[in-house]
Amino acid sequence: MDAMKKKGYTDQELRDADLVGEKNGRIYDRFRNRLMFPIIDVRGNVIGFGGRIMKKDATPATYPNSPETLIFNQRKNLFALNLAKKSKLGYLILVEGYMDAIALHQYGFDCAVASLGTALT
């Protein structure tokens with residue numbers, strides 16, 4: 001939240017993007033204590049965010065995503081599809097989470113994509 005405000009974004013813009021929440025009149029970072037992943041469409045546009053919780057014993061959702069909007073629909077997007085579409089391997093490897101897809105990309109499987117949340121259930 002602080003980083004986005006330093007870039008000039010207003011509280012309302014951060015609320016509209018659902019990067020912050022509000023409770024008891026106080027604004028808080030919705031993705032606090034998380035490693036952030038931009039969710040990018042096949043055209044290269046950031047359409048949402050996902051966050052991996054950093055604490056082992058945390059109770060909130062491990063991988064919360066941005067909420068569904070006109071431009072972000074979990075069922076119609078895959079994490080890393082923007083990269084995998086350039087793959088020369090000729091197939092996709094569908095994995096469960098962001099970290100799985102990132103690990104496969106690091107080892108040369110540039111065709112790995114991940115579902116977004118519970119998109120397949």
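Put a dot 7 Å past the Cα of LYS56, heading toward its Cβ, do the same for ILE71, and the two dots end up 3.9 nm apart. Phi angles of segment 103-110 translate, via the Karplus equation with coefficients 6.51, -1.76, 1.60 and θ = phi - 60°, into HN-Hα couplings of 4, 5, 4, 4, 9, x, 8, 6 Hz per residue; Gly and Pro are given as x. Ranked by solvent-accessible area (1.4 Å probe, protein heavy atoms only, all chains present), the residues TYR98, TYR107, TYR28, TYR91 order from largest to smallest as TYR107, TYR91, TYR28, TYR98. If you roll a 1.4 Å probe over the heavy atoms of the protein chains, what accessible area per residue do you get for segment 1-108, in Å²? Accessible area per residue, segment 1-108: 71 Å².
The relative contact order of the chain comes to 18 percent, based on Cα pairs under 8 Å that sit 6 or more residues apart.
When a 1.4 Å probe is rolled over the protein heavy atoms, the share of accessible surface on the chain that falls to carbon and sulfur comes to 54 percent. The aspartates and glutamates whose alpha-carbon is closer than 14 Å to the alpha-carbon of LYS88, local same-chain residues fewer than 8 away aside, are ASP110.
Extents of the chain, largest first, come to 51, 34, 28 Å (Cα atoms, principal axes, whole angstrom). Extension gain, VAL46-ASP16: 0.36 nm per intervening residue step, less the Cα-Cα distance, totals 9.3 nm.
With a Förster radius of 25 Å applied to the beta-carbon distance between LEU83 and LYS23, the computed FRET efficiency rounds to 0.10.
When peptides 34-40, 67-73 are sorted by average Cβ neighbour count within 10 Å, with the highest value leading, the order is 34-40, 67-73.
The values are calculated or read from the model by the stated rules, or taken from the named source; none is laboratory data. This one's a predicted model, so the numbers in the text were calculated from it and none came from an experiment. Quick reminder, even Gly has a Cβ in these numbers, built from the backbone with ideal geometry, and neighbours come from all protein chains shown. The accessibility values were calculated without ligands, DNA or RNA, using every heavy atom of the protein model including side chains. Shrake-Rupley method; radii C 1.70, N 1.55, O 1.52, S 1.80 Å.
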